Amino acid sequence: MTQGNEPIIVFDHVVKEFTVRGAKKTMRAVDDVSLSIDEGDIFGIIGYSGAGKSTLVRMINALEQPTSGTVTVMGNDVSHMGEGRLRPVRQKIGMIFQQFNLFSQKTVAQNIAYPLRLDHWRKDYQDRRVKELLEFVGLAEHADKYPSQLSGGQKQRVGIARALATNPKILLADEATSALDPETTTEVLQLLERVNRQLGITIVLITHQMNVVQQIANRVAVMSSGKVVEQGSVYDVFAAPKQPVTKRFIATAMDGLPDPARIAVMREQWPGRLVTVVIRQRDIVDANGDVLVPASGQDISDLIAAHGIHSGLLYGGIDTVQDIAIGAVTYEFTGDPAKIDAFLDDLARGSDIVDFGTKDAPIDYDTAVARAHIADAPAPHGAQGTPTLADDLEMVEDVDDVVEMNPDTARKERD
Ligand SMILES: Nc1ncnc2c1ncn2[C@@H]1O[C@H](COP(=O)(O)OP(=O)(O)O)[C@@H](O)[C@H]1O
Ligand SMILES: [Mg+2]
């Protein structure tokens, strides 16, 4: 990562309030955020759905205006600029989205050329630039295809190429990999890393997925209820998380948790007790050695042996954050049901588990997940009662990206 160390985006005590329709109330989507993003950063902004991430990022290209405070981008106070003066600043900011927002009736090449047409580039310059971009994102062979003929990862590559067309200095990525499978996510993240390294473009990476931040960001801010509750280098924040919400992100890297459909399939094949065990290789401790998040799943082999039951490992995923292995594995336990119960009681003492029951006595997925209490997890914003794994799984982002580049808005802007 090219480290310019000069701030390129600065939020200074930024507040954004929305008026709640019908009621004479306002709600604070962004609550007194001060944040500085340096040139050359891949800056992750992580938080659960509704934390205010999209609102925050939309103030960078002035799609939203702050209620108070200022947003400075490349030296310009974009929070107090007219549309006319904003134009050249916006041209230096590319944006990509979860739903790609491509024009379905345009080819790949035409999609990429679109911002160049808006910017009145000469046709031969346009063609040359599109060719360059197609090569950069690895889609040279697909220039004349339509978006419907592409995979999700390819569509996002087109989105990236289009965002890069006018040589921006900043790329805003709002949940850009949230609609992609893990493998494709990694490919797209590697491309973003190249965008950062080779082109020197500062990337603001909005996500609710910890592994996205972990894979490519150098700095991270954690958002909760409109506030930035923690920020720093990815290493510092993940190695010694201070805030409850940050701990939860780390505690619940549930890559290996099977989804309901997977559980249904497994149940048919393996009629025994299906149990997911959260794996954390070791305690996560703070600078004083106090345990922030306890280890989990460490004693499972010993316990299986001690209780004389049978186990089969069915499903799982383990990842590492700063050398700490975390994830989840799903077992089928068979044998004397009373022994299995005793074993699970023992296991649950030192580990986070999700008990899905057996084929004959299944535990409903949501119930199972809701019963699985995560160590040290505080109540999420607005939720009642004890936080459960279910809260952590409600991280699915609403499809709330406005289609910024739809033909109508673009036409208005041009006229
Ligand atoms: N245009 C809007 N009008 C009213 N409320 C909004 C608007 N945009 C966002 N919000 C609210 O602001 C909060 C933060 O939303 P958002 O920034 O989209 O969060 P995130 O991207 O972290 O999921 C949410 O409660 C959302 O409903
Ligand atoms: Mg959002």
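The values are calculated or read from the model by the stated rules, or taken from the named source; none is laboratory data. Just so it is clear, the structure is predicted and the values come from calculations on it, not from any experiment. Glycine also receives a Cβ, built like all others from the backbone with ideal geometry; neighbour counts cover every protein chain displayed.
THR67 fulfils the conditions (1) modelled with pLDDT under 95; (2) within 16 Å of ligand 1 (Cβ to nearest atom); (3) surrounded by fewer than 21 Cβ atoms within 10 Å (Cβ to Cβ) except for a single criterion, (1). Could you list, in sequence order, the residues of region 218-234 that are under 14 Å from PHE43 (Cβ atoms), out of contact with any Lys or Arg (no Cβ under 6 Å at 6 or more places or on another chain) and in contact (Cβ under 8 Å) with a residue 60 or more places away in the chain? If the condition is that a residue be under 14 Å from PHE43 (Cβ atoms), out of contact with any Lys or Arg (no Cβ under 6 Å at 6 or more places or on another chain) and in contact (Cβ under 8 Å) with a residue 60 or more places away in the chain, then ASN218, ARG219, VAL220, ALA221, VAL222, VAL228, GLN231, VAL234 are the ones that fit.
Please find, among GLY152, GLY94, the residue that is closer than 29 Å to THR55 by Cα and buried (at least 18 other Cβ atoms within 10 Å of the Cβ). Step by step, each of GLY152, GLY94 is checked, and only GLY94 is closer than 29 Å to THR55 by Cα and buried (at least 18 other Cβ atoms within 10 Å of the Cβ).
Looking across region 163-185 at every residue that is within 12 Å of the chain's Cα centre (by Cα) and not in a loop (DSSP other than H, G, I, E, B), the one that is surrounded by the fewest Cβ atoms within 10 Å (Cβ to Cβ) is identified as PRO182. Which members of region 22-64 meet the condition of being away from ligand 1 (no atom under 16 Å from the Cβ) and either at negative phi or outside any loop (DSSP other than H, G, I, E, B) (or both)? Across region 22-64, the qualifying residues are SER34, SER36, ILE37, ASP38, GLU39, ASP41, ILE42. In region 34-62, of all residues being aliphatic (A, V, I, L, M), within 15 Å of ligand 2 (Cβ to nearest atom) and modelled with pLDDT of 95 or more, the one that is nearest to the chain's Cα centre (by Cα) corresponds to ILE45.
Each row is one residue, and each column tells you yes or no for (1) in contact with a helix residue (DSSP H, G or I) (Cβ under 7 Å, 6 or more places away or on another chain); (2) not in a helix (DSSP H, G or I).
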| position | (1), (2) |
| --- | --- |
| LEU102 | yes, yes |
| GLN105 | no, yes |
| HIS120 | no, yes |
| ASP127 | no, no |
| LYS131 | no, no |
| ASP144 | yes, yes |
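All conditions in (1) over 27 Å from VAL195 (Cα atoms); (2) more than 24 Å from the chain's Cα centre (by Cα); (3) not polar (S, T, N, Q) hold for VAL15, with the sole exception of (2). Within region 78-97, identify whether any single residue is touching a helix residue (DSSP H, G or I) at 6+ places or on another chain (Cβ under 9 Å), part of a loop (DSSP other than H, G, I, E, B) and touching a residue at least 60 places away in the same chain (Cβ under 8 Å), and answer yes or no. No, region 78-97 contains no residue that is touching a helix residue (DSSP H, G or I) at 6+ places or on another chain (Cβ under 9 Å), part of a loop (DSSP other than H, G, I, E, B) and touching a residue at least 60 places away in the same chain (Cβ under 8 Å). For residues in region 186-221 being outside any helix (DSSP H, G or I) and over 18 Å from MET59 (Cβ atoms), which is modelled with the lowest pLDDT? Only one residue tops the list, namely GLN209.
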